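Have a look at the structure below, then the notes.
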Amino acid sequence: MGPTASGKTDLAVDLVERLPCEIISVDSAMIYRGMDIGTAKPSPQTLARAPHRLIDILDPSESYSTARFRADALAAMADITRAGRIPLLVGGTMLYFRALCQGLAELPGADAALRHALLEDAERIGWAAMHARLAGIDPMSAARIHPNDPQRIQRALEVCALSGRPMSELISAARAEPLPYRLIKLARAPYTRSLLHARIEQRFGEMLELGLVEEVRQLWGRGDLHADLPSMRCVGYRQVLKYLTGAYSWEEMLHRGIVASRQLAKRQLTWLRAERECHWLSDEADPLPEVLDILRSAMMDESILA
């Protein structure tokens with residue numbers, strides 16, 4: 001686990017080449033086909049060395065739920081363990097990790113009419129006002145959900161309206177569903193915020209050099225996508241789309257893309273710090289020896305790591 005630009009993928013590939021592991025992606029953006037540069041999706045060469053499950057499984061016009069991720073991840077984990085191998089879950093979508101480890105609350109299903117009414121409200125007063133409305137009835141959910149995340153704001157308001165209870169209350173009351181696996185949690189993150197920010201800025205610049213603008217242009221040119229889809233609201237894609245539609249200059253797009261990436265990393269680290277029994281890796285150029293030592297100690301059986 002770790003924030004964006006922390007080097008998770010490189011470490012995971014090293015582990016796959018050393019241990020009998022198979023990677024399951026825990027990333028809510030890599031699920032989309034055709035969204036490669038802005039999601040920092042592993043290259044074809046990397047995927048040939050270390051295949052990833054749960055990437056490129058959806059078209060950008062589709063939506064994906066946390067419940068569906070949990071079901072897909074559990075199915076992949078069972079398949080991998082039946083083959084005598086070890087599931088290695090890698091990513092930064094902390095909500096997915098939390099749902100996998102702790103289970104999901106029993107929340108009411110979607111209501112098309114209510115969602116339409118909420119969208120009409122948002123068009124009239126804006127999502128910032130909708131977020132303020134959520135803060136008035138469910139402050140815990142509002143604190144967790146970013147004001148620029150209309151999908152989750154809408155869902156939290158929908159759950160409150162259908163259940164008559166705050167969504168945060170329903171989630172807190174949910175019973176944990178223990179996994180039939182022993183977990184070893186590894187967190188990779190730079191020690192200093194300034195170092196992480198520098199890496200984020202460098203990577204966003206590299207994405208632009210690799211053709212992120214053209215990638216978004218091609219997606220938008222399909223004609224069947226809109227700006228409020230979860231895929232188009234991914235960090236980087238949202239800012240580039242604003243540039244392509246004339247809302248941002250190049251300089252503002254660049255600035256806002258870096259800021260949004262930093263905000264994402266901050267949220268990821270907040271979730272990570274709440275994780276229990278998590279091994280925080282030192283910020284070395286090659287953390288593999290440290291990871292292998294952690295695994296040897298945890299497993300108490302060096303034979304599997306020979």
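Numbers below:
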| item | result |
| --- | --- |
| Residue count for the stretch 100-128, restricted to those that are of a type outside the set (Val, Ile, Thr) and outside any loop (DSSP other than H, G, I, E, B) | 18 |
| Among residues of the stretch 41-57, those that are out of contact with any helix residue (DSSP H, G or I) (no Cβ under 7 Å at 6 or more places or on another chain), surrounded by fewer than 18 Cβ atoms within 10 Å (Cβ to Cβ) and in contact (Cβ under 8 Å) with a residue 24 or more places away in the chain, counted | 3 |
| Some residue of the stretch 267-282 being in a loop (DSSP other than H, G, I, E, B), of a type in the set (Lys, Arg) and more than 25 Å from PRO60 (Cα to Cα) | yes |
| Odd one out for ALA173, checked against (1) at negative phi; (2) free of Cβ contacts under 8 Å to residues at least 40 places away in the same chain | (2) |
| Any hit, the stretch 260-273, residues being more than 30 Å from ILE184 (Cβ to Cβ) and not polar (S, T, N, Q) | yes |
| Filtered residues of the stretch 6-40 (kept if out of contact with any helix residue (DSSP H, G or I) (no Cβ under 8 Å at 6 or more places or on another chain) and among the polar types (S, T, N, Q)) | SER25, THR39 |
| When residues of the stretch 28-61 are limited to those that are assigned to a loop (DSSP other than H, G, I, E, B) and among the basic types (Lys, Arg), the one farthest from LEU219 (Cα to Cα) | LYS41 |
| Some residue of the stretch 243-262 being in contact with a Pro (Cβ under 6 Å, 6 or more places away or on another chain), open to solvent by 30 Å² or more (accessible area, probe 1.4 Å) and among the acidic types (Asp, Glu) | no |
| For ILE153: the one exception among (1) closer than 24 Å to GLU275 by Cα; (2) out of contact with any Asp or Glu (no Cβ under 7 Å at 6 or more places or on another chain); (3) touching a residue at least 24 places away in the same chain (Cβ under 8 Å); (4) part of a helix (DSSP H, G or I) | (1) |
| Selection count, the stretch 176-213, where residues are without any contact (Cβ under 8 Å) to a residue 12 or more places away in the chain and aliphatic (A, V, I, L, M) | 1 |
| Unique match (being open to solvent by less than 20 Å² (accessible area, probe 1.4 Å), touching a residue at least 60 places away in the same chain (Cβ under 8 Å) and of a type outside the set (Gly, Ala, Ser)) among VAL216, VAL159 | VAL216 |
| Candidate set: the stretch 156-202, residues that are in a helix (DSSP H, G or I), at pLDDT 90 or above and among the hydroxyl-bearing types (Ser, Thr, Tyr); chosen: the one farthest from the chain's Cα centre (by Cα) | SER163 |
| SER25 being under 24 Å from ASP293 (Cα atoms), touching a residue at least 60 places away in the same chain (Cβ under 8 Å) and part of a loop (DSSP other than H, G, I, E, B) | no |
| Residue among ALA78, ALA5 that alone is open to solvent by less than 40 Å² (accessible area, probe 1.4 Å) and free of Cβ contacts under 8 Å to residues at least 24 places away in the same chain | ALA78 |
| Test: residue in the stretch 226-245 that is among the basic types (Lys, Arg) and at pLDDT below 95 | yes |
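The values are calculated or read from the model by the stated rules, or taken from the named source; none is laboratory data. Keep in mind it's a predicted model, so treat the numbers as computed, not measured. For neighbour counting, all protein chains shown are included, and Cβ atoms are generated from backbone atoms with ideal geometry for every residue, glycine included. Quick note on the areas: whole protein, heavy atoms, side chains included, nothing else; ligands and nucleic acids left out. Shrake-Rupley method; radii C 1.70, N 1.55, O 1.52, S 1.80 Å.
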